[in-house]
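The values are calculated or read from the model by the stated rules, or taken from the named source; none is laboratory data. Remember, it's a predicted structure, so these values are computed and weren't measured experimentally. With ideal geometry, Cβ positions are generated from the backbone for all residues, glycine too; neighbour counts draw on all protein chains shown.
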Amino acid sequence: MAFWQSVVSFVGNAVLVYMIGVVAFYTFLLVVSFWHLRRLHRLDDWEPYEELLEASYAKPVSILVPAYNEEAGIVGSVRSLLAIEYPQYEVIVINDGSTDRTLERLIEHFELRPVYRVIRRQLATKEVKAIYQSPAYPHLFVLDKENGGKADALNAGINAARYPYICSIDGDSVLERHAFLKVMKPMLESDGEVIASGGTIRVANGCQIERGEIVKVGLSRQPLVVMQTIEYLRAFLLGRLGLSRHNLLLIVSGAFGVFSKPWVIEAGGYADTAGEDMELVVRLHRLAREKNEPKKIIYIPDPVCWTEAPETYRDLRKQRRRWHRGLLESLWRHRALLFNPKYGSIGLLSLPYFWVIELLGPVVELVGYIVIILSLCFGTIYIEFALLLLTVSVLYGSLLSAAAVLLEEWTERKFPNVSDLVRLFFFSLTETFWYRPLTAWWRCEGIIDAFRWQKQWGSMKRKGVSA
Amino acid sequence: MALKIAVSLTFFLFGTLTAVFAYLMVRKRRENRRQAALRAGKEQLRLPLLRYLLGDEEQPPWPASLLEREALLELLDDFAALLKGEQVQARIRAFAEEYFEGWLRRRLASRHWGERMNALFFIEDLQMKALLADIERLYRSRIATKGEVVKILTIFAKFDYRPVVVYVLQPKHELTEFAYRVIFGHMSERLLQQVKRRFAELPPAGQYALIDIIGIRRRQEQSFLQERLASEELEIRVRALKAMAEIGAPLHARQLAHHLSSPHWQERLMAARLAGRCREERLLPLLYERLSDRSFAVRAEAAAALARLPSGRIALNRAAQQADDRYARDMARQWLEGGEG
C-alpha cells in the first residue's frame, strides 16, 4: 500500500508541476494577446479594408469547398460565399462522391450546367468525373469526383483553381461578409511574405442565420455547445494569437484559411490524415525553412467564420477523437523536426509546445483526475494534496477559460446581449468539473485510436446551420 | 502550506476575474445603450443634414453632446461616400472643417494608435485639406507606425500634395510594393510624372509598383478612348482614334473597318493611321481600297499603313501597276520608291 501511495504522490507532484508550467505559459500568451487586441481595439471596423475592395491590385482567390454528404447546408454555405465582398474570386465546390443529394441540390438550386475546363494535374487525386458551372453565377464551379476523402477533394480543387491564392472553407460554415478581405489583407500587404493566414472560427449554433448570413450573434441554450463556444474563444484568442505573433503557428484551421497556391503545391498539397489542416501548415513551415526563405504563417482574430458545432456527446466525442488522432499523426510524421535547430523556432519552440501541451495535456489532465480520486481514497493525509491538485486544475481549466471569455468581451465584443456574457462567464467556471474531464478522456481515446491506426472517418450528422 | 498558497491565489484570481466581469457587464450595458442612442441620433439628424448638404436648408445646430457629434460625423462620412458632385463634396468638406477640425486635430495627437488611424480615415473620406499640416507633423513624429505612414502618404497623394514625391523616395518605414501601389494609384498624373522622373531613386519595391501603375493607367486610358469611339460627335471620334494611334493602342479589325469607311475623311485618315500601328493583315483589302480615297491625306496614310504590313509591299506593287485609279498608282509608286512623301 505504502508503495502505491508513494507512486501516486510522485505522479501527482509531476502533474502539479506540469499544470503550473502550463498555467504560466498560457498566462504569458494571455498578456501577449491582450496587448495586441487592445491596440486594435479602437480602430474602425471597416475603413482599413475599404481600399482593398476598390483596388485593382487585390489578388484573386479560389475558394475551395469540399463537400461530402452535406445536402442540408451546402446551398446556404455556397450562397453565403457568393455574397462575400471581394474584388475577384471563384468558388469551387468539390463534391467528394457524396452518397446523398448534395450534387443534385447544387445543380437544382444554381441551375448548373456541365462545362469543359482544362485541369492541370499538379497534385494526384481521384478522378474528376464532371465539372459544372452556373450561368447565373459564372464564378461558381462544382467538381464532381470519386470519393477520396477531404484532403483528396481539396487537392482536386487546387488543381482546378485558376487563381494564385486558395482558401479552404468547410461546407457547413458561414463567412462574415468582410472576412475575406480581412484575412487577405496581410497577405497582399506583405508582398508575399505571408504565405498562409487564418481567421477565427466560432460556433454558429444559437446564431440567427438568414440567406447564408449571420444576422444576429447569439449563444446556444445547450451547455455542451456553450462549452465549445468558450473552448473556441480560448483556443483562438489565447492560443493562436500569442503563437502567431512569433510565427509559431502550426494550425490554420481547415474551416477557414487562405494559402498561397504555389507554396501549397510545392509542399505537396493536402495529405490524407485526420488533421490535414495542421499537416499542411507544418509542411509549409518545413518547406520555408528548408528553402531558407523567411515566410510567415499568421492568424488574424477579426475575420470570423461561423461553423456548426456538434450538439450531442456522441458527435463531439467522435470529433475530438479524430482531431487528437490527427494531431498525433502529424507530430509523429514530422518528429524529425523536434528539437532540430535547423528548423529554428518551429523545431525548438512550436513543436515542443504541441507535443507537451496540446498532445500530452489531456493525458496529464486525466492522470490528474485519477490521482485526485485515489488520494481521496487513501485517507486524510492525502486530502490536502488532492485539494491542491484540484485547485490548480481549476486555475488550469476554469479560470483561464473565464479569462478568455473576458478577453473576448474586452476587445472583440461579438455577443450583443448582456445575458450571453453572463452565461459564458458562469459556464466557463464549471469547465474543470465536467467538460474538461470529458474531453480529456475523448482525446486520450484519440491517442489510443492512433496507435490502433484506425482509419475510419468520423462523420457527424449535420443539421445544416445555414439552411 | 502549498495548498494555502494555491487556494488563496485561486481565490485572488477568481476575485479579480469576477471584478473584471462585473466591470465588463456594466460597460456592455452602457455601450449597448449608447449604441442605441447613437442610432437614434443618426436617424434624427439624417434628413436635416442631407437637406443642408444639398443646399436646401439651414445649417444644423452645433452638436450639443459628444454623442451628437459622433452621430453627425458618422453621417457625414456616409454622405461623403454616397453623394457625388463637386458642389456637394465642397459643402461636406466645409462643414467638416467647421465642425470637426479641432476635434480631429486632437485625435491625431492621441496616444492610441486606433484613434489616430480613425482620425486619418475621416480626414481622408471628408477630404479635409486644412489638416494637411497636422498630418505632416504626425508623419514626422516618432510615434507614427508603418500603418500610419502608408495611410498618410496615401492621403498626401489623394490631396495632390507635392512633397509626397520626396517622401515616397525615402519613406520613414520601408514600404511594401503593395503600399507603393496604393499610394501611386491615388496620385494625379502630374505627381506621378514627377515620381517617374526620379525613378532611379526609388527602392526596388517602389520601382516595380510604379511600372505596374503606369501599365494600369495606360490600360484605363485605352478603354476610355475605346468608349469614346462610339460617340455621336465626329471630332471626339477623330481625336480618340488619333490618340490611340499615338500610344499604339490596338483596336479590333472589324471596328477599324467601320471607321475606315466613315463618310468623313478625317475619321478615315485617323483610322488608317491606327490601322498602320496595329498591323492588321485582315485590313489589307480595305486599306488597298483607301489608296483611291477622295482625300489625298487618306491616300497617303493608307499607303503608309500598307507599307507597314508584312505583305503590304506586294499589295503596293500590285497597286502601282494595276490600280484603275491614277491617284492610287501614284501613291503606291511613291511609297515603293522609298519616299514617305
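None of B:GLY55, B:GLY15 is under 35 Å from the mean Cα position of the chain (by Cα) and over 18 Å from B:ASP77 (Cβ atoms) except B:GLY55. Do we find that A:PRO416 is at pLDDT below 95 and either surrounded by fewer than 18 Cβ atoms within 10 Å (Cβ to Cβ) or of a type in the set (Asp, Glu) (or both) in this structure? Yes; evaluated as a whole, the condition is true for this residue.
Results for (1) within 17 Å of B:PHE21 (Cβ to Cβ); (2) in contact (Cβ under 8 Å) with a residue 24 or more places away in the chain; (3) more than 10 Å from chain B (Cβ to nearest Cβ); (4) polar (S, T, N, Q), shown as yes or no for each residue.
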position	(1), (2), (3), (4)
A:THR411	yes, yes, yes, yes
A:PHE415	yes, yes, no, no
A:LEU421	yes, no, no, no
A:PHE426	yes, no, no, no
A:THR430	yes, yes, yes, yes
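Note on the range B:96-214: enclosed helices (runs of 4 or more DSSP H) holding 2 or more residues that are crowded, with 21+ Cβ neighbours inside 10 Å and not assigned by TED's automatic domain parsing to the domain that holds B:LEU49 are B:146-158, B:164-169, B:177-185. Taking the range B:226-266 as the range and being outside any loop (DSSP other than H, G, I, E, B) and within 19 Å of B:PRO285 (Cβ to Cβ) as the test, the residues that pass are B:ALA253, B:ARG254, B:GLN255, B:LEU256, B:ALA257, B:HIS258, B:HIS259, B:LEU260.
The listed residues are B:LEU24, B:LEU50, B:LEU13, B:LEU3, and the only one of them that is in the same structural domain as B:GLN87 (by TED's automatic domain parsing) and surrounded by 13 or more Cβ atoms within 10 Å (Cβ to Cβ) turns out to be B:LEU50.
Count of the range B:99-119 residues, restricted to those that are of a type in the set (A, V, I, L, M, F, W, C) and within 9 Å of chain A (Cβ to nearest Cβ), is 2.
Among the residues of the range A:1-28, those identified as modelled with pLDDT of 85 or more, surrounded by 14 or more Cβ atoms within 10 Å (Cβ to Cβ) and either over 24 Å from A:GLY379 (Cα atoms) or not small (Gly, Ala, Ser) (or both) are A:VAL11, A:ASN13, A:VAL15, A:LEU16, A:TYR18, A:MET19, A:ILE20, A:VAL22, A:VAL23, A:PHE25, A:TYR26, A:THR27. The single condition among (1) at pLDDT 85 or above; (2) surrounded by fewer than 13 Cβ atoms within 10 Å (Cβ to Cβ); (3) not in a helix (DSSP H, G or I) that B:ASP293 does not meet is (2). Among the residues making up the range B:23-37, none is more than 10 Å from chain A (Cβ to nearest Cβ) and acidic (Asp, Glu). The helices (runs of 4 or more DSSP H) falling completely within the range A:338-446 that include 2 or more residues that are more than 21 Å from A:PHE236 (Cβ to Cβ) map to A:361-378, A:380-394, A:418-430. Filtered by the rule that a residue be in contact (Cβ under 8 Å) with a residue 12 or more places away in the chain and either within 10 Å of chain B (Cβ to nearest Cβ) or under 17 Å from B:ALA22 (Cα atoms) (or both), the range A:374-392 gives A:PHE385, A:ALA386, A:LEU388, A:LEU389, A:LEU390, A:VAL392. Scanning the range A:101-125 for residues that are β-branched (Val, Ile, Thr) and assigned to a loop (DSSP other than H, G, I, E, B) turns up A:VAL115, A:VAL118, A:ILE119, A:THR125. Hey, B:GLN220 hits all of (1) touching a residue at least 12 places away in the same chain (Cβ under 8 Å); (2) outside the structural domain of B:LEU287 (by TED's automatic domain parsing); (3) not β-branched (Val, Ile, Thr) but one; which does it fall short on? Failing condition for B:GLN220: (1). Set side by side, the residues B:ARG29, B:ARG116, B:ARG93, B:ARG39 differ, and just one is touching a residue at least 12 places away in the same chain (Cβ under 8 Å) and under 25 Å from A:GLU409 (Cβ atoms), which is B:ARG116. Figure legend. Inter-residue proximity from the range B:287-314: first residues in contact (Cβ under 8 Å) with a residue 40 or more places away in the chain and assigned by TED's automatic domain parsing to the domain that holds B:LEU269, second residues of a type outside the set (D, E, K, R) and surrounded by fewer than 15 Cβ atoms within 10 Å (Cβ to Cβ), beta-carbon distance below 7 Å, spacing 6+ or different chains. Indicated pairs: B:ALA300/B:GLY341. Regarding the range B:221-241, can at least one residue be identified that is under 30 Å from B:ARG140 (Cβ atoms), more than 14 Å from chain A (Cβ to nearest Cβ) and small (Gly, Ala, Ser)? No, the range B:221-241 contains no residue that is under 30 Å from B:ARG140 (Cβ atoms), more than 14 Å from chain A (Cβ to nearest Cβ) and small (Gly, Ala, Ser).
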